[in-house]
Amino acid sequence: MKQITWNFLATAIVIMMLSCSTEKKSPVGSGLDPETEQQITSMLEKMSLEEKVGQMTQITLDVLTKGQDVYSSFEPVELDSVQLYKAFVQYKIGSVLNTANNRARTPETWNILIAKLLDYALEASPSKIPLIYGLDMIHGASYVDGATFFPQQIGMAATWNPQLVKEAGRITAYETRAAGVAWTFSPVLDLGVDPRWPRQWETFGEDPYLSAVMGHYLIKGYEGDDNDISNPLHIASCLKHFMGYSHTLSGKDRSPAWIPDNKLFEYHAPVFKSGIDAGALTVMVNSGEINGLPTHINKALLTDLLKNEWGFKGFVVTDWADIEYLHTRHKITPDHKEAVKLAINAGIDMSMVPYNFAFADHLVELVKEGSVPMSRIDDAVRRILRVKFRLGLFEQPYTLAKNYPEFGSEQHEGLARKTALESITLLKNEQGLLPLSKNTRILVGGPAANLMRPLNGGWSYSWLGNLVDEFAGEYQTVYEALKLTAANPGLITLAEGITYKNTMDYKEEEVGNLKQFAQMAAQSDVILLCVGENSYTEKPGDLEDLYLSDNQQELIRIASEAKKPVVLLLVQGRPRIISKVEPLASAIINAYLPGNYGGEAIASIIYGDHNPSGKLPFTYPRYPNSLEPYYHKHAEQLELLGSPTGTHFNPQFPFGFGLSYSSFGYSELKTDKTEYLSTDTIRLTVNVTNSSTVAGKEVVQVYSSDHFASLTPSVKRLRAFTKLSIAPGEKKSVRIDIPVSRLSFVNENNQWIVEEGDFTISCGSEKSVIRVSETRITNQ
């Protein structure tokens, strides 16, 4: 793998943010604190090999509780003194993750568990090193009962509003600290480039620039502008899954990827680099493999690029059992011990084991045999201790809920509602069907009509989200929200027709009385069908067919036979293909996974109390064999002679698309010059006018198109965006600055380069051609 340098990004990431917000930023210190480093050095000199290896070992909570085995716990959860002794006295473990029995707990229950666990571990530690505890707090404090839940990341991306994402991070940090935890396994910075992939909804979508901006702001929400994670209002973030995890050949989770180096570096790496530049100090590794090499043993990525070239000073943690999987799944080593050797020497600092202590035994043996150098162990432990010091765990190992009075507060709820509202994306609205009058008779059907589980998705109270309806009874489903918002509750009737089974398998559906559904449809004014997917995540979310399920498509056909307007509400983690039934719908709303306030937000938009402003953060495909992202190459647009459709790029809805109840127009796109040096900044202005009688928000998106390049250019690339509120009849002039270096790409030698030539800059309906007058390697 050829080396690639990234110096230009250090300044470009700061410039990049200017197009999204005028908020003043505090610089992130890149240096190390000498006093802390000396403390760590002194500790390392006194620590035994076994204690050091313990710091590199992470186990799951179920191992430490009373239960039939290490894979589950009795309820109520009780810590097991025998297992505690084994973990912390014998093995000197330094980290614990997850929740017992994969279910949420109240903040007070978490406080009791965390306090007992951390107190025991600290007392047992020869060097009095505190434990670091991690939880998957994905769209809010996901494993805390009563916490404020936001839309999943894909919905956050659909807001195109970085400030809302930052607020979501801030509130998540606050409520995570209320549980006594200081570390979250978030954000996901993988590109949601393949809609088959079951974790697309955990991403910020398919575009590297949008993902980098949103990831930056979420990290700042978690960690604060100054990244002072010792502040008990902040938590440490974890970038995952470094990198290329989402772009697999088959679209299945944890399956092989084949990604050329220049593509990996141009599209996937910059998002993670922006996360490092934002101050993140922990990174989780891609569970899959790239070009035949599992990422957990890819020294070129983990050490040469991440640590040496990018200067990452934090620690690298594996994903679940991934060192063992090098032997059992990837078949790259003949045994577990060899897998440990390869992973640690490649740059892994902490192993998410999670169920046994074999990793620690193997690593001690490997060091004593000389197969893993002590210098590698000391480097890994130094990185782990550095994060623990930065978190302030030596002074305050955990926090208590009583000191967080705003947990689940009305203010937090209000911000979650606002984020849900801005995420929801109107995709179709024939003849202005929406918004509906509150006197409209609506039949609400479909499997997502009266459940909270599909509104939240996975990582919600449990891993797969299958416990949501047990915990979220106080919130409103779509049906309940419509009844509460309508002029008369009797105007809203419910007949799902198809229901989801509350099982671990998200695909299981049950067909109800469709004859009764048809009769009720004929008696309504409008039929709202809440369709899509039940909750899932990771490997259980793999699928064989991207089309909306046959049952749900049939329900849409039956509804259309009533000759009443049909509104499709898509509640889904990825764009399920609807091309066979899309013509039957008069209006289509994509709600993604909007969280506990999704029902309220959907009702507000359907009735016009709120004007939709969400935009797609991915390309919505029309066919399962046409899954190209918007930044595809020109050859994807070839038309086949004699074919009515050809083979050209033809999505159901394009990236960045979303309708409004307002009408926006663009005019007078201008750049300050027509010719630029590679070191210049393009200063662009454009007018945006709201020609309707309805106030609304518009996302101004700026794209570039390289006319010719030494490697085939994409048709277009997103280069900047900003979101505006525009009053009826108002015209706003918008200025956006774009460094010319942002027009660069990675060439065949893995160098970032801006090439001389013409570029089209487009914004809305407006276009302008500029010229770059020189070719330059931007990192030299």
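The values are calculated or read from the model by the stated rules, or taken from the named source; none is laboratory data. Bear in mind the structure is a predicted one, so any value in this text is a computation, not a measurement. Cβ placement follows ideal geometry from the backbone for every residue including glycine, while neighbour counts extend to all protein chains displayed. All accessible areas refer to the heavy atoms of the entire protein, side chains included, with ligands and DNA or RNA removed. Shrake-Rupley method; radii C 1.70, N 1.55, O 1.52, S 1.80 Å.
Could you tell me whether GLU78 is open to solvent by 50 Å² or more (accessible area, probe 1.4 Å), out of contact with any strand residue (DSSP E or B) (no Cβ under 8 Å at 6 or more places or on another chain) and of a type in the set (Asp, Glu)? No: the conditions fail for GLU78. Within region 292-315, residues that are within 24 Å of ASP33 (Cβ to Cβ) and of a type in the set (A, V, I, L, M) sit with their Cβ atoms under 7 Å from residues that are assigned to a loop (DSSP other than H, G, I, E, B) and open to solvent by less than 10 Å² (accessible area, probe 1.4 Å), at 6+ positions apart or across chains, in these pairs: LEU306/PHE312. Can you name the residue in region 573-602 that is among the aliphatic types (A, V, I, L, M) and under 25 Å from the mean Cα position of the chain (by Cα) and, of all such residues, is surrounded by the most Cβ atoms within 10 Å (Cβ to Cβ)? Looking at the filtered set, the residue picked out is LEU593.
Inspection of region 531-548 finds a residue satisfying the criterion of being in contact with an Asp or Glu (Cβ under 9 Å, 6 or more places away or on another chain), closer than 25 Å to PRO195 by Cα and hydroxyl-bearing (Ser, Thr, Tyr).
Screening the candidates ASP525, ASP550, ASP542 for the property of being under 28 Å from the mean Cα position of the chain (by Cα) and surrounded by fewer than 18 Cβ atoms within 10 Å (Cβ to Cβ) yields one hit, ASP542. The residue list LEU436, LEU451 contains one member that is open to solvent by 30 Å² or more (accessible area, probe 1.4 Å) and under 23 Å from ALA559 (Cβ atoms), which is LEU451. Going by the conditions given, is GLU365 among the acidic types (Asp, Glu) and under 30 Å from ALA158 (Cβ atoms)? So GLU365 fails the test. Pairs are defined by a Cβ separation below 7 Å, a sequence spacing of at least 6 or placement on different chains, a first member in region 702-724 that is buried (at least 16 other Cβ atoms within 10 Å of the Cβ), and a second member that is part of a loop (DSSP other than H, G, I, E, B) and hydrophobic (A, V, I, L, M, F, W, C); the pairs so defined are SER705/VAL715; PHE721/CYS20; PHE721/TRP160; THR722/CYS20; LYS723/TRP160.
Just to be sure, is TYR620 crowded, with 24+ Cβ neighbours inside 10 Å and among the hydroxyl-bearing types (Ser, Thr, Tyr)? So TYR620 does not fit the description; no. Would a scan of region 744-751 turn up a residue that is hydroxyl-bearing (Ser, Thr, Tyr) and either open to solvent by 30 Å² or more (accessible area, probe 1.4 Å) or at pLDDT below 95 (or both)? No; the residues of region 744-751 include none that is hydroxyl-bearing (Ser, Thr, Tyr) and either open to solvent by 30 Å² or more (accessible area, probe 1.4 Å) or at pLDDT below 95 (or both). When LEU249 is tested against the conditions (1) under 30 Å from ASN403 (Cα atoms); (2) without any contact (Cβ under 8 Å) to a residue 12 or more places away in the chain; (3) aliphatic (A, V, I, L, M), the lone failure is (1). Among the residues of region 378-431, write down those that are open to solvent by 50 Å² or more (accessible area, probe 1.4 Å) and either in contact with a strand residue (DSSP E or B) (Cβ under 6 Å, 6 or more places away or on another chain) or on the phi > 0 side of the Ramachandran plot (or both). The one that is open to solvent by 50 Å² or more (accessible area, probe 1.4 Å) and either in contact with a strand residue (DSSP E or B) (Cβ under 6 Å, 6 or more places away or on another chain) or on the phi > 0 side of the Ramachandran plot (or both): GLN431.
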